[in-house]
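A.B. asks: First the structure, then my questions, so here it is.
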Amino acid sequence: MSATIPMSKLDAVNLILADLGDRPVNSLSDQSRLDVTLAIQAIDASTRGVLALGWFFNEEDATLTVDSDGHYNLPDDWAAVKYVSGGPTSGVNGPPRFVARGRRLYDTVNNTDIFLLAPSVTLHFARLLEFEDMPESAREYAYAVASVRNQTRALGSASVDPDLRQQAANALAVLRNEEVNQSVEDLTLSPRFIELMHNR
């Protein structure tokens, strides 16, 4: 008996095809079948959507410095970006508010993406990953979401298998539970705990 292994992208695409009653494929490269192409596009889109939410397995902080033109260039694999600290503290219109715009950091208060001689900035990233680099629960959720979307487009929303919607909900619940279990928070540093200790 063979060992159970995590879901691959090929497995996910074949599950999507099976959900539509289509025959499976042995490879995802050089595909001429429209149903396979649509299934691949659906799994890619749902994977990006899952990763953009930010989870314990794809979030990290990174420090950026300005290039010779004064730009903070963002990495190619960012799905979501949040400012943490650093960078310039003032501008013509006031303290900057940083957002990601294209491949650069942009200041929406001072309307610029040029920060000449500015100090480094620390950002919190949700990074894009390959399907196989996600944990099994995230793969299961991405597959189920992709299959629901694919069925909705191919067959009409009334025809979507309700079991598949439930499978997506169950996979999301498992993923959220893993997120909680992975979050290491020192409750003694929480504002509520400090307030309680101060008022003793």
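The values are calculated or read from the model by the stated rules, or taken from the named source; none is laboratory data. Quick caveat, the model's predicted, so the values are computed rather than measured. All Cβ positions, even for glycine, are placed from backbone atoms using ideal geometry, and neighbour counts span all protein chains on display. Each accessible area value is taken on the protein alone, full model and side chains, heavy atoms only, with ligands, DNA and RNA left out. Shrake-Rupley method; radii C 1.70, N 1.55, O 1.52, S 1.80 Å.
A.B. asks: Quick one: would you say residue 94 is buried (at least 19 other Cβ atoms within 10 Å of the Cβ), over 30 Å from residue 13 (Cβ atoms) and of a type in the set (Gly, Ala, Ser)?
C.D. replies: No; evaluated as a whole, the condition is false for this residue.
A.B. asks: Quick one: in the range 84-122, which of the residues that are free of Cβ contacts under 8 Å to residues at least 24 places away in the same chain and of a type in the set (Lys, Arg) is farthest from residue 71 (Cα to Cα)?
C.D. replies: 97
A.B. asks: Counting just the residues of the range 1-26 that are open to solvent by less than 40 Å² (accessible area, probe 1.4 Å) and either outside any loop (DSSP other than H, G, I, E, B) or small (Gly, Ala, Ser) (or both), which one comes out nearest to residue 163 (Cα to Cα)?
C.D. replies: Step by step, filter the range 1-26, then rank; the result is 16.
A.B. asks: If you don't mind, there's one more thing I want to ask. Please find, among 79, 52, the residue that is within 18 Å of residue 139 (Cβ to Cβ) and in contact (Cβ under 8 Å) with a residue 60 or more places away in the chain.
C.D. replies: 52
A.B. asks: For the range 164-200, which residues satisfy the criterion of being at pLDDT below 55, under 30 Å from residue 136 (Cβ atoms) and assigned to a loop (DSSP other than H, G, I, E, B)?
C.D. replies: Residue satisfying the conditions is 186 alone.
A.B. asks: Please state which of the following conditions residue 76 fails to meet, knowing it meets all the rest: (1) surrounded by 14 or more Cβ atoms within 10 Å (Cβ to Cβ); (2) among the acidic types (Asp, Glu); (3) within 23 Å of the chain's Cα centre (by Cα).
C.D. replies: If we test residue 76 against (1) surrounded by 14 or more Cβ atoms within 10 Å (Cβ to Cβ); (2) among the acidic types (Asp, Glu); (3) within 23 Å of the chain's Cα centre (by Cα), just (1) comes out false.
A.B. asks: Regarding the range 27-35, can at least one residue be identified that is within 25 Å of the chain's Cα centre (by Cα), modelled with pLDDT under 95 and open to solvent by less than 30 Å² (accessible area, probe 1.4 Å)?
C.D. replies: No; the residues of the range 27-35 include none that is within 25 Å of the chain's Cα centre (by Cα), modelled with pLDDT under 95 and open to solvent by less than 30 Å² (accessible area, probe 1.4 Å).
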